[in-house]
Protein chains: 4
Amino acid sequence: MSHQTFKQFWLPQKKGFDCLTLREVPKESPGLGQILVRIKAVSLNWRDGILAIGTYPFPGPDAVVPGSDGAGIVEEVGQGVTEWKVGDRVLANFTQEHIAGRLSYEMGLSQLGGESQGLLGEYFIFPRTGVVKIPDYLTFEEASCLPCAALTAWNALYGLVPLKPGQVVLLQGTGGVATFGLQIAHAAGAVTIVTSSSDDKLRKAKELGATHVINYRTCPDWATEAKAITNGRGVDHIIEVGGTLTLQASFDAIAFNGLIHAIGHITNPDPLGAGKDLRGPDAAFLALDRHCILRGVVVGSREQLQDMLACFEAREIRPVVNKVFAFENTREAYDHLWSSTHTGKIVIRVP
Amino acid sequence: MSHQTFKQFWLPQKKGFDCLTLREVPKESPGLGQILVRIKAVSLNWRDGILAIGTYPFPGPDAVVPGSDGAGIVEEVGQGVTEWKVGDRVLANFTQEHIAGRLSYEMGLSQLGGESQGLLGEYFIFPRTGVVKIPDYLTFEEASCLPCAALTAWNALYGLVPLKPGQVVLLQGTGGVATFGLQIAHAAGAVTIVTSSSDDKLRKAKELGATHVINYRTCPDWATEAKAITNGRGVDHIIEVGGTLTLQASFDAIAFNGLIHAIGHITNPDPLGAGKDLRGPDAAFLALDRHCILRGVVVGSREQLQDMLACFEAREIRPVVNKVFAFENTREAYDHLWSSTHTGKIVIRVP
Amino acid sequence: MSHQTFKQFWLPQKKGFDCLTLREVPKESPGLGQILVRIKAVSLNWRDGILAIGTYPFPGPDAVVPGSDGAGIVEEVGQGVTEWKVGDRVLANFTQEHIAGRLSYEMGLSQLGGESQGLLGEYFIFPRTGVVKIPDYLTFEEASCLPCAALTAWNALYGLVPLKPGQVVLLQGTGGVATFGLQIAHAAGAVTIVTSSSDDKLRKAKELGATHVINYRTCPDWATEAKAITNGRGVDHIIEVGGTLTLQASFDAIAFNGLIHAIGHITNPDPLGAGKDLRGPDAAFLALDRHCILRGVVVGSREQLQDMLACFEAREIRPVVNKVFAFENTREAYDHLWSSTHTGKIVIRVP
Amino acid sequence: MSHQTFKQFWLPQKKGFDCLTLREVPKESPGLGQILVRIKAVSLNWRDGILAIGTYPFPGPDAVVPGSDGAGIVEEVGQGVTEWKVGDRVLANFTQEHIAGRLSYEMGLSQLGGESQGLLGEYFIFPRTGVVKIPDYLTFEEASCLPCAALTAWNALYGLVPLKPGQVVLLQGTGGVATFGLQIAHAAGAVTIVTSSSDDKLRKAKELGATHVINYRTCPDWATEAKAITNGRGVDHIIEVGGTLTLQASFDAIAFNGLIHAIGHITNPDPLGAGKDLRGPDAAFLALDRHCILRGVVVGSREQLQDMLACFEAREIRPVVNKVFAFENTREAYDHLWSSTHTGKIVIRVP
């Protein structure tokens, strides 16, 4: 039994980034079927921001260790664990209990750093099924970018009606899910359309393989433009991150039989609070009229994460890393996440 | 070349049931790949009502022969037709050009009695792929009830994520699609929940096999009741016919991974006119929060119609026929459709 | 820490039923994430027979506790287990590590009583994900019949291309998988065809809902008969338990796009030994010629087991139990399994 | 009514390439729902060879015009045709009646140049649904290569369990289907393995994007090699063109849950004649043991052809054309098809 301690950030309250507190907690040994992982890198998502400021619209403990996306090295292996050995490079699965198949409400309660405790610290004990192997070509920093955003994009594109090469995928913006969606769709032979308010971000999207780009500042009716690009047919998959206020345009841009993947709500960031009474378009009639599918996408399973990593490895896809912060500068990483007009992931390197 | 004529109803204008006019039109012979069918029975749908009063929210000719759902006998066979012979009993496929696979916007323009001309008359010339064989156990009147409403229910339950026995299906009300949905789901081993404002209609639903019934007059929060019936899990398929004003409850009743099938809009019957600015719940966030699917369902293909008839035949499912009208009393059939608090289909027998 | 012991059967060698030995083993407490289950009933499968005589063609320990299909009561709950409590009635999942999604070779090594140790004793310690809840209407004896045979049938009918009501399912014989397949297919609205060499067994199949029966002693060409029943179209699903020597007939009976589910090999019971050089029909050409699918089916996942139990509960399907033996008469149960011309499952009641 | 004639090759008998005869036939006008197409290019398949020599193992007329794969220009449009206009560049769909969805036996009888009459001549009258639009970037010669071989590969990879990026596809040899399969799988982000007896052909496969190549002359146990490449897991999709004599190796190389696509039988080219009694491996047990799927693939539907062309267009995939022959040298084209050790398609340019 170890008497060591390790450093960990936590949020004793969810009232803003000032709540982020460094603490020392005892280091335990892994039990039956568990592994102890030395965390090497953690990446941040928009979810980490709204969690810290208290508008995250899903259940979870009041006092929480944040951090869903982490990569590290197996340092100790519990009894009954045969698939891992000390030294293995591993990546956390966002929804720890979602091994494969359908997500249940109960599984959803095992989402790291929100519904359950997170891993933003030097160590974390996982069940043996809570991690997957990191492909050799990826660094810890790179791998740490993938669990939430990339897997959400993968689940959108392959979780219900699999994307086929030659289909058209529209990505709203250049945030985490959209950028990973672009990289996956490009690798998979799709035609891609990216929207943004910034020509600079669109230029970067082009470098990642975007077939078409639309600046919605100069071309506000991006739905009509997307339909024109597809000769009036519409797009097959839309990564819908805007939510309430972009949904009408998504319905206007979607093809018959297409899928609108509801993965974000950045136009209604506080849907249980300030935005509670915000109304949307008549989605029932629009779904009928456009003969399409609106689907909520909640990250994905361990099996899907492994499938996605096989895709990443096949084409050596690397996440776009915006900036890497030292562990002690975690608060600055949050500020950068929130204030910046960055593209790409923000990573915290854990010593 | 025949010089005969035949009788047919049409709507020279869409300004109400008074526009329904009987006319004589020339009887033609079927061309290459066509068949001439002597219509024996036509059934009516809610769609026929809103079409006649001018609020049908989809494109189509200004002057139109109504009638999408018809059954009859092959009377003459055109050149190059090998699959049909004189005397065959056949049923129209609602979307004439939708043979199998995905529906396109262009195929949608071939929907009988709305987007294209209908068959409410003594004869109709179909392409050889526009009809299917009627199972022996069904009369013409019974068969004529199936093309629109039953196929829509079938497409909901089997078109995207197939219903499995043991799953829970909720049917909103006891209209055409809901009743066929109940009969199909019951035959398929599902648990069924029917909602209605009438205990009498719920009693009839019980006779058709409903596992659970909810009177939403005495139990307005039917979503909570449906969740309770399923031990808090929610239902797997909802036949959503209400639209805008019932959608929030459907989201409240749906299970994780469940499907809300948007097939009607009776709470917003004029979505391009009076109800144009009606707003709905925040469907993008709700789809995400409940991890579910909202899907527009537009009838179905000829292949699906054949699959559905195989199901009907296997269990000798018979449609609930409310009343059969004589051809000359077609106007009364429309009035009955519109005014009545009936359950079951209204059929017009063609002489 | 307990110092108690409990009784358990094992096979120190696999050289026939004489090897079945009763022994006392120490009773342990469940560890982290585990539950201790008091076994109440175990059912036998053909697999148990060939395992004991040494021709089971899959890997596993030389000395093995048999028994894959068991039901019992949770007696003690390990740390970290929240989904189970003492007194819960639970059913083992055949492939312990197959939670959901795709089966891997490694998961296959966790099959109880063969690839890994089994549960034919008074107690068994499961991981918390190794069991599912038994529906209230089933006894322990009944529930114990389901894990291997019923789940295999369910996986066949719903694991790749889901059975639709109205489709035609052919069951080879009246063994465990075939009988469960019949009950499921009947509940699901399918047309069913059962083959057997015994009119008595076919009479029982009729009572379970078989639409058509074929005695292949009096009608050896059952494939032609099955095609005739389906008006020449062929059947959609075949539960293929015979293997090498029935495969040609299965190809002859299958419909275009149909599925032949390879789940047994009773005509080649020792495929790695005596039957190693047995050749079969030209399956590659036959699959092409009949435009069909031959699919190996290996039981199923925990998620599928739960789906199946929901189906069983919806229609209160009860397994056909042939005979229940006392625990001390386990050897007789094996003899009955092997010698008898029984229909239905053989169950061992554990005291 | 036209009194013109046009040139066409036909096979009054199927006794070898010497039977190929040029004849003049009357040129007709298209009827209701038909289009007259000026054929510009026809490509040949192995099927054309075995058809001419009389071992094609499927039904069809004794005297037949060969040619399934043709591209041309719409020259005249029949009554009732709205989707085509004079001058449109169109490509024939191999199975004329297979519009979408499932293939039936009856649809199979409409396969051009075999089960029904073919298009190896200057003109052909199609039903309006018998062709699809050619993407602008493809020449007639290039387009003519696609209907049979490329669509078969597409149907294999996307027709039952869609290929995902990152999965592993093994292509047997470098024939038509295999090469198109390689190009599609490469565009779709898959890992590809190509087998051949020729280092030169493997070098060309590498240029088309093959990730791994295996010369089965120097490495006869290609199945073991393929498993090694995949770290023992096996491959996800195998394009199985060999048939009887390569099937055991395909089972040895396949991954759990993988698909063996039975699309050819070149090791048993006369399965109804000389090779009638050829026996294969015990496919039922192998499918079970390797937990995999053997699926017959018969070209594909018009909907699939359109999906495939969207994929080709998205990445501007061009078929590998080996040699283009003038119409009058059609006999030489057949000889080249049969004798040569070529890679790539053989095309006949029609004047």
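How much of the DSSP beta bridge set in the protein assembly as shown is antiparallel, as a percent to the nearest 5? Don't skip to the answer; put the middle values down first.
Details: 136 of 240 bridges.
Roughly 55 percent of the beta bridges in the protein assembly as shown run antiparallel, per DSSP.
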Note to self: Among the listed pairs A:K206/D:K164; A:K164/C:K276; B:K206/B:K323; B:K201/B:K227; C:K14/C:K227; B:K133/C:K206, which have their C-alpha atoms separated by more than 32 angstrom in this model?
What the structure shows: A:K164/C:K276; C:K14/C:K227
Checklist line | Amide H partners (placed H, <5 Å) of C:V131, local residues excluded | finding: C:N93
Next item on the list: Tell me, rounded to the nearest percent, the portion of alpha carbon pairs in chain B spaced more than 29 Å apart.
Entry: 38 percent
Check: To the nearest 0.05, how large is the calculated FRET efficiency for C:N322 and C:D270 if R₀ is 22 Å and r is the Cβ-Cβ distance?
Finding: 0.30
Next item on the list: With only Lys, Arg, Asp and Glu charged, each at its Cβ (+1 for the first two, -1 for the last two), find how big the charge dipole of region A:151-296 is about the Cα centre; round to the nearest 20 debye.
Entry: 260 debye
Notebook entry, point to check: Taking the simple approach of a point 7 Å from Cα along Cα-to-Cβ for both C:L22 and D:E106, what is their distance in nm?
Noted result: 6.5 nm
Note to self: Please compute the contact order of chain C in relative form: average sequence separation of alpha-carbon pairs under 8 Å and at least six residues apart, divided by the residue count, as a percent.
What the structure shows: 18 percent
Next item on the list: Whenever you get a sec, line up A:V324, D:V168 from highest to lowest accessible area (probe 1.4 Å, protein heavy atoms).
Entry: A:V324, D:V168
Next item on the list: Could you order C:I53, C:I238 by accessible surface area, starting with the largest, using a probe radius of 1.4 Å?
Entry: C:I53, C:I238
Notebook entry, point to check: Mind listing the Cα extents of region D:151-296 along all three principal axes, in Å, largest one first?
Noted result: 40, 31, 30
Check: Within region C:53-86, what residues put their amide N at less than 15 Å from the label point 7 Å along the Cα-to-Cβ vector of C:R38?
Finding: C:71-77, C:85-86
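For A:166-174, what's the mean count of beta carbons from other chains sitting within 10 Å of each residue's beta carbon? Don't skip to the answer; put the middle values down first.
Details: counts 15, 4, 2, 0, 0, 0, 0, 0, 0.
Mean partner shielding for this stretch: 2.
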Check: What base-10 log of the normalised intensity I(q)/I(0) is obtained for region D:187-249 from the Debye formula, alpha carbons as equal point scatterers, at q = 0.23, 0.26 Å⁻¹?
Finding: -1.10, -1.33
Notebook entry, point to check: Roughly how crowded by other chains is peptide D:98-109, in terms of the mean Cβ count from those chains within 10 Å of each of its Cβ atoms?
Noted result: 5
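Under 13 Å from the Cβ of D:V77, count the other residues' Cβ atoms, weight Lys and Arg +1, Asp and Glu -1, and hand me the total. Don't jump to the answer; show the numbers that get you there.
Working: positive: D:R38, D:K85, D:R128; negative: D:E75, D:E76, D:E83, D:D88.
It works out to a net charge of -1.
Relative contact order, percent, of region D:1-148 when contacts are C-alpha pairs under 8 Å separated by at least 6 residues?
On the way: 356 pairs, mean separation 44.9, N = 148.
Contact order relative to length: 30 percent.
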Notebook entry, point to check: Using Cα pairs under 8 angstrom and six or more residues apart, how large is the relative contact order of region B:151-296, in percent?
Noted result: 19 percent
Checklist line | Amide H within-cut-off set for A:K40, under 5 Å, with H built and near neighbours excluded | finding: A:A71, A:G72, A:I73
Checklist line | For region C:151-296, with +1 on Lys and Arg beta carbons and -1 on Asp and Glu, the positive-most of C:A210, C:F251, C:L170 along the dipole | finding: C:A210
Margin query: Going by amide H atoms built from the backbone, whose H comes under 5 Å of the H on A:G280, apart from near neighbours?
Written below: B:G280, B:D282, B:A283
Next item on the list: Calculate, in whole percent, how much of the Cα-Cα pair population of region A:73-137 lies beyond 18 Å.
Entry: 41 percent
Margin query: At 1.4 Å probe radius, can you tell me the per residue accessible area of the protein assembly as shown in Å²?
Written below: 35 Å²
Next item on the list: Whole Å is fine, so just give me how far the alpha carbon centre of region B:249-274 lies from that of region A:289-351.
Entry: 33 Å
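What FRET efficiency comes out for C:L160 versus D:D335 if R0 is 56 angstrom and r is the Cβ-Cβ distance? Round to the nearest 0.05. Intermediate values should be presented prior to the final figure.
Details: r = 44 Å, r/R0 = 0.78.
It comes to 0.80.
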Next item on the list: For region D:3-128, state the average projected area of the convex hull of the C-alpha atoms over all orientations, rounded to one decimal in nm².
Entry: 7.9 nm²
Next item on the list: Give me the percent of DSSP beta bridges within chain D that run antiparallel, rounded to the nearest 5.
Entry: 55 percent
Item checked: Over the protein assembly as shown, volume per residue of the alpha carbon convex hull, in Å³ -> 175 Å³
Check: What accessible area, in Å² to the nearest ten, does a 1.4 Å probe give for D:K206?
Finding: 100 Å²
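Stokes-Einstein diffusion coefficient for region D:100-236 at 20 °C in a medium of 1.002 mPa s, Rh from the Kirkwood formula over Cα pairs: what value in µm²/s?
Numbers: Rh = 17.0 Å.
The estimated diffusion coefficient comes to 126 µm²/s.
The values are calculated or read from the model by the stated rules, or taken from the named source; none is laboratory data. From a predicted model like this one, the values you see are computed outputs, not experimental measurements. Don't worry about glycine lacking a Cβ; one is built from the backbone with ideal geometry, like all the others, and counts go over all protein chains shown. Calculation scope for accessible area: heavy atoms of the full protein, side chains included, ligands and nucleic acids excluded. Shrake-Rupley method; radii C 1.70, N 1.55, O 1.52, S 1.80 Å.
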